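The values are calculated or read from the model by the stated rules, or taken from the named source; none is laboratory data. Keep in mind that this is a model prediction, so the values were computed, not measured. Don't worry about glycine lacking a Cβ; one is built from the backbone with ideal geometry, like all the others, and counts go over all protein chains shown. Accessible surface is based on the protein model in full, side chains and every heavy atom, while ligands, DNA and RNA are left aside. Shrake-Rupley method; radii C 1.70, N 1.55, O 1.52, S 1.80 Å.
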Amino acid sequence: MAEVLVLAEHTADGEVKKVTLELLTAARRLGSPSVVWTGPGAAGAQARLAEYGAEKVYSAESDDFTSYVVAPTAELLAQLVADKAPSAVLTASTAEGREIAGRLGVKTGSGVLTDVIGITAGDDGAPVAEQANFGGAINVHSTVRAGTPIIAVRSNAIAAEPATGEPATGAGAVETVSFAASDAAKGARISERAAAEKTGRPDLTEAQIVVSGGRGTGSAEGFKIIEDLADSLGAAVGASRAVVDADWYPHQFQVGQTGKTVSPQLYVAVGISGAIQHRAGMQTSKTIVAINKDQEAPIFEIADYGVVGDLFAVVPQLIDEIGKAKG
Ligand SMILES: Cc1cc2nc3c(=O)[nH]c(=O)nc-3n(C[C@H](O)[C@H](O)[C@H](O)COP(=O)(O)OP(=O)(O)OC[C@H]3O[C@@H](n4cnc5c(N)ncnc54)[C@H](O)[C@@H]3O)c2cc1C
């Protein structure tokens, strides 16, 4: 079976991110998945990766991955594409994953598809990628015609499923790859790292449930009700740009065209009008619930469930009901 390279996303201490398991699930539809692991930690992750179908793990431990931004990873992938001639390369459609995909496309003369929400194998076995456009009104299916298909897949778009059956002998076997970044890939050095403030909530782009608040919350103080609702659901918190521009919540939580793209099972939009730039970051959420006092608000056009009402009256009742349901 054709080999499919999957670029692993993992934390600095080697924890496999959920999107990597989703990519492996997608890769199994196309051929034999091989994970590309940058930095230390491949051995510790091997069992988890094999559980989701990784037949090999290419591990490159160079310090270049932690000293420089994405260019070394794109170079490593280009090296593996030349050596292994895979039938496709999958990355996560995160900011980093998309940039790596773009750089790899240039290096290998290949076509790149980003923000992909579904993958199937076409009649010729080549990947057919699905992307959502215009608020999810039109879904486009595309194939890559040049080079090695490079496909960046959104988090939460494909459900991660463990591979069934006994893993083959040697499944997930770690193969060390020697790699040293070129001078050209060392153009942007990482000068400092600051640990993100721990909120105790799930990562916004990986969360199964996201509760986002908009200008309707009225103030930084008013926005706290969004955190309360999120905490009652075990959800991540998101914000519209209006909230971020007003300094009520940090930019890292902005959802939309100039913020994060999320695709959770449940997206709750509270006091958000639903501007096209906001929708661009959340329109592929599985179920959308909107709470807005204006029944004409555009968010209701894409909402599966809508509550017309004052959020300061609706949300506390919702939190109460969630508490009761939890017992
Ligand atoms: C280039 C560009 C990029 C952009 N990128 C982004 C982006 O990444 N993300 C993003 O979000 N926006 C982005 N925007 C901005 C976008 O166009 C909107 O201005 C923004 O999304 C509006 O945020 P909002 O819905 O919170 O505010 P508003 O549009 O002001 O909506 C507030 C809503 O709250 C409701 N409301 C008010 N009070 C209450 C209450 N008490 N109870 C219930 N409902 C209430 C109102 O009815 C209204 O619908 C971008 C714009 C441009 C031009």
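Highest mean first, what order results for 179-188, 151-160, 193-202, 275-284 on Cβ atoms within 10 Å?
So the peptides 179-188, 151-160, 193-202, 275-284, ranked by packing, come out 151-160, 275-284, 179-188, 193-202.
Using only Cα atoms, find the angle between the long axis of helix 220-233 and the longest principal axis of the chain, and express it within 0 to 90 degrees, rounded to the nearest 10.
60
Give the angle, between 0 and 90 degrees and rounded to the nearest 10, that separates the Cα long axis of helix 71-84 from the longest principal axis of the Cα atoms of the chain.
Once rounded, one gets 50 degrees.
Using only the Cα atoms, work out Rg/Rh for the range 231-327, with Rh taken as the Kirkwood radius, to two decimals.
Across the range 231-327, the Cα-based Rg/Rh ratio is 0.95.
Could you work out Rg/(2.2 N^0.38 Å) for the chain, with Rg from alpha carbons only?
Here the Cα radius of gyration is 1.05 times the empirical estimate.
Among L233, G187, T287, flag the residue with its Cα farthest along the positive direction of the charge dipole of the range 170-327, charges on Cβ as +1 for Lys/Arg and -1 for Asp/Glu.
Result: G187.
Using +1 on the beta carbon of Lys and Arg, -1 on that of Asp and Glu, and nothing else charged, what's the dipole of the range 155-218 about the Cα centre, debye to 20?
Working: 6 positive and 8 negative charges, 88 e Å.
I would put it at about 420 debye.
Determine the gain in length on full extension of the stretch S182-D228; use 0.36 nm per residue of separation and subtract their C-alpha separation, reporting nm with one decimal.
11.7 nm
Of all the accessible heavy-atom surface of the chain, with the other protein chains kept in place and a 1.4 Å probe, what percent is carbon and sulfur?
Working: 7570 of 15420 Å².
C and S fraction of accessible area: 49 percent.
For the range 196-327, what is the accessible area per residue in Å², given a 1.4 Å probe and the full set of protein chains?
49
When the dipole is taken about the Cα centre of the range 227-327, and only Lys, Arg (+1) and Asp, Glu (-1) are charged at their Cβ, what size is it in debye, to the nearest 20? Display every interim value, and only then the final one.
Values: 7 positive and 12 negative charges, 71 e Å.
Computed about the Cα centre, the dipole is about 340 debye.
Using only the alpha-carbon atoms, how far is helix 95-108 inclined from the longest principal axis of the chain? Give it as 0 to 90 degrees, nearest 10.
30
Take peptides 1-12, 245-256 and line them up by average Cβ neighbours within 10 Å, highest first, as a rough protection proxy.
The densest-packed peptide leads the list: 1-12, 245-256.
Is the C-alpha gyration tensor of the range 110-215 telling us rounded, prolate or oblate? Criteria: a/c under 1.5 is rounded; beyond that, a/b larger than b/c is prolate, otherwise oblate.
Numbers: a/c = 1.32, a/b = 1.04, b/c = 1.27.
The shape class here is rounded.
Taking N as the number of residues in the range 24-154, what is its Cα Rg relative to 2.2 N^0.38 Å? Walk me through the numbers on the way to the answer.
Numbers: Rg = 14.7 Å, N = 131, 2.2 N^0.38 = 14.0 Å.
The range 24-154 yields a ratio of 1.05.
Of all DSSP beta bridges in the range 170-327, what percent run antiparallel (nearest 5)?
0
Residues of the range 1-159: accessible area per residue at 1.4 Å, in Å²?
Here the residues of the range 1-159 average 39 Å² of exposed surface.
Any idea what the dipole of the chain comes to, in debye rounded to 20, about its Cα centre with Lys/Arg Cβ at +1 and Asp/Glu Cβ at -1?
Around 280 debye, computed over the chain.
If you count the DSSP beta bridges with both ends in the chain, what percent of them are antiparallel, to the nearest 5? Write down the numbers at each step before the final one.
Numbers: 12 of 56 bridges.
Around 20 percent antiparallel, to the nearest 5.
Pairs of Cα atoms under 8 Å, at least six residues apart: use those to get the relative contact order of the range 167-240, whole percent.
RCO, the range 167-240: 32 percent.
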